Amino acid sequence: MRDAHRHRPGRTWDTFPGRAGSAPDRAREGRVMKIGIIGAGNIGGNLTRRLTALGHDVSVANSRGPETLTALAEETGATPVHVTEAARDAELVVVTIPLKNVPDLPDDVLAGAAEGFVLLDTNNYYPRERDGRIDAIEDGGLTESRWTEKQLGHPVVKAFNGTYAQDILDRPRPAGDPERTALPVAGDDEAAKDTVRALIDELGFDTVDAGGIDDSWRQQPDTPVYGLRAGAEAVAKALAEASPERPAAFRG
């Protein structure tokens with residue numbers, strides 16, 4: 001996540017159908033999971049640190065090969081792998097690479113993942129700073145995560161895209177703590193979204209259901225919730241206040 005931008009007009013927060021709070025009990029809370037992380041930058045690296053500390057079995061890959069991940073592996077106990085091996089047997093696969101690089105992932109990047117695996121997308125579209133113009137997003141009306149979903153051929157859950165990477169390490173709080181931060185989570189598959197929300201709860205954050213992937217524009221860059229460090233009620237309000245118009249600074 002880069003800079004946070006806020007204060008855009010929109011609907012009143014009580015008209016938004018999001019649900020605030022921790023993940024439902026039916027999610028797989030507290031169980032050790034096999035997790036594959038594709039991308040070892042700021043978000044990917046810190047998720048690797050936290051998820052391994054919680055006891056999860058984490059494999060991590062980047063574009064430069066596992067030999068470049070030795071330090072992260074020694075620090076965390078994660079297993080460095082090639083990109084094509086990151087999803088092997090994984091119940092959760094995290095894609096956290098620059099958006100422009102998603103189409104360059106191998107066609108079989110998700111091959112070998114566990115049946116019913118969940119795909120978590122943390123990405124943002126930065127056309128001017130990094131990604132260049134993507135016509136399907138700007139002209140075709142696709143949300144960033146719907147575009148990513150089409151590239152990868154598997155439904156995604158969107159989370160962590162507006163989270164400061166350092167906050168993953170510094171801001172976890174126990175459930176019920178008044179200082180606990182809430183994160184928006186969007187996705188079409190309720191069971192997959194429940195799994196992600198349970199994992200975020202385990203990481204020390206509350207969640208707010210941000211709707212489906214076609215609604216995930218509410219948490220894209222330059223929306224009120226992007227970069228917001230606040231509790232569930234404030235996050236739900238910020239989601240409701242988002243405008244569907246993409247700001248000029250985030251158009252190619």
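Figures for the structure shown
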read-out: Pair list, Cβ under 8 Å, 6 or more apart: segment 105-124 residue farther than 18 Å from ASP189 by Cα, other residue modelled with pLDDT under 95 and of a type outside the set (D, E, K, R); value: ASN124/MET1
read-out: Segment 61-78: number of residues that are within 11 Å of ALA40 (Cα to Cα), among the polar types (S, T, N, Q) and outside any loop (DSSP other than H, G, I, E, B); value: 1
read-out: Any hit, segment 79-91, residues being in contact with a Gly (Cβ under 6 Å, 6 or more places away or on another chain), in contact (Cβ under 8 Å) with a residue 60 or more places away in the chain and part of a loop (DSSP other than H, G, I, E, B); value: no
read-out: Of the criteria (1) closer than 20 Å to ASP104 by Cβ; (2) open to solvent by 40 Å² or more (accessible area, probe 1.4 Å), which one TYR125 fails; value: (2)
read-out: Subset of segment 136-185 that is hydroxyl-bearing (Ser, Thr, Tyr) and assigned to a loop (DSSP other than H, G, I, E, B) - its residue that is most open to solvent (accessible area, probe 1.4 Å); value: TYR164
read-out: Sole exception among (1) open to solvent by less than 60 Å² (accessible area, probe 1.4 Å); (2) under 15 Å from GLY41 (Cα atoms) for HIS56, by number; value: (2)
read-out: Residue among GLU29, GLU74 that alone is surrounded by fewer than 19 Cβ atoms within 10 Å (Cβ to Cβ), at pLDDT 95 or above and not basic (Lys, Arg); value: GLU74
read-out: Residues located in segment 219-251, provided they are in contact with a strand residue (DSSP E or B) (Cβ under 8 Å, 6 or more places away or on another chain), in a loop (DSSP other than H, G, I, E, B) and buried (at least 24 other Cβ atoms within 10 Å of the Cβ); value: VAL225
read-out: Tally of residues being open to solvent by 30 Å² or more (accessible area, probe 1.4 Å) and assigned to a loop (DSSP other than H, G, I, E, B) across segment 92-113; value: 6
read-out: Odd one out for ASP215, checked against (1) outside any helix (DSSP H, G or I); (2) within 30 Å of ARG31 (Cα to Cα); (3) not aliphatic (A, V, I, L, M); value: (1)
read-out: Residue in segment 39-54 that is farthest from the chain's Cα centre (by Cα), counting only those that are within 20 Å of GLU85 (Cβ to Cβ) and in a helix (DSSP H, G or I); value: THR52
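The values are calculated or read from the model by the stated rules, or taken from the named source; none is laboratory data. Everything numeric here is computed off the predicted structure, so don't read it as measured data. FYI the Cβ positions are ideal-geometry reconstructions off the backbone, even for glycines, and counts take in every protein chain you see. These area figures cover heavy atoms from the full protein model, side chains too; ligands, DNA and RNA do not enter into them. Shrake-Rupley method; radii C 1.70, N 1.55, O 1.52, S 1.80 Å.
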